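Chemist: Shown below is the structure under consideration.
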Amino acid sequence: MQVHELHPAPGSRPRRHRVGRGVGSGWGKRAGRGQKGQKSRSGGAKGPAFEGGQTPLHRRLPKRGFVSPNKKVYEIVPLHVLNGFPAGSVVTPAELKEAGLVKEGTLVKILGGGELKVALTVRAHGFSKSAQTGIEAAGGKAEVIQSA
């Protein structure tokens, strides 16, 4: 038996019920939708939040908080992860993306988790103080990139 010879068991897959195909089909004229009213019309189904004209719950509840449109969200890279790069190399967000540590087009911040054992020039959008001292203690440089 081959994959292209497989078929479902007879009767296990009923044919699609096609309504509105003539009076003789038993599902013609009004196609099982009844006579008049909202549900008989096309597009008549209201969404899950519809409460019969009453103000829906999501509009009755007060809005809370504030979301700043200018908020900067950084992707965090701990310091010990940079030990995987060869000594003397320049580590930029592009190299971190290539290594699978950050996503494309995000702001990168290096945090001082762990210890750096290789001298690197690290270019990122932000550094914690402990990360900056850790990079300089290993003989490297921490350079801040201006975000666009």
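Chemist: Are any residues in segment 54-94 within 16 Å of ALA119 (Cα to Cα) and surrounded by 12 or more Cβ atoms within 10 Å (Cβ to Cβ), and if so, which ones? Break it down stepwise before answering.
Modeler: Residues of segment 54-94 within 16 Å of ALA119 (Cα to Cα): 78-92.
Of everything in segment 54-94, those that are within 16 Å of ALA119 (Cα to Cα) and surrounded by 12 or more Cβ atoms within 10 Å (Cβ to Cβ) turn out to be PRO78, LEU79, HIS80, VAL81, LEU82, ASN83, PHE85, ALA87, SER89, VAL90, VAL91, THR92.
Chemist: Hey, MET1 hits all of (1) part of a loop (DSSP other than H, G, I, E, B); (2) surrounded by 10 or more Cβ atoms within 10 Å (Cβ to Cβ) but one; which does it fall short on?
Modeler: Evaluating MET1 over (1) part of a loop (DSSP other than H, G, I, E, B); (2) surrounded by 10 or more Cβ atoms within 10 Å (Cβ to Cβ) leaves (2) as the failure.
Chemist: What pairs come up if the first residue lies in segment 30-49 and is without any contact (Cβ under 8 Å) to a residue 12 or more places away in the chain, the second is in a loop (DSSP other than H, G, I, E, B) and exposed (fewer than 10 other Cβ atoms within 10 Å of the Cβ), and their beta carbons are under 6 Å apart, counting only those six or more places apart or on different chains?
Modeler: Partner pairs satisfying both residue conditions: SER40/GLY34.
For (1) in a strand (DSSP E or B); (2) touching a strand residue (DSSP E or B) at 6+ places or on another chain (Cβ under 6 Å), each residue gets a yes or a no:
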residue	(1), (2)
ASN83	no, no
VAL108	yes, yes
GLY113	no, yes
ARG123	yes, yes
GLY134	no, no
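Chemist: A further question on this structure: If you take the residues in segment 93-128 that are at pLDDT 90 or above and of a type in the set (Asp, Glu), which one is nearest to the chain's Cα centre (by Cα)?
Modeler: Among those that are at pLDDT 90 or above and of a type in the set (Asp, Glu), it is GLU98.
Chemist: Report, by residue number, each residue of segment 72-104 that is within 13 Å of HIS125 (Cα to Cα) and aromatic (Phe, Trp, Tyr).
Modeler: Hit for segment 72-104 is TYR74, nothing else.
Chemist: List the pairs whose first member sits in segment 91-111 and is among the hydroxyl-bearing types (Ser, Thr, Tyr), whose second member is part of a loop (DSSP other than H, G, I, E, B) and surrounded by fewer than 16 Cβ atoms within 10 Å (Cβ to Cβ), and whose Cβ atoms are under 9 Å apart, counting only residues at least 6 apart or on separate chains?
Modeler: Close Cβ pairs satisfying both conditions: THR92/ILE145; THR106/VAL73.
The values are calculated or read from the model by the stated rules, or taken from the named source; none is laboratory data. In this text the structure is predicted, and so the values were computed from the model without any measurement. Every residue, glycine as well, gets a Cβ built from its backbone with ideal geometry; the counts of neighbours run over all protein chains shown.
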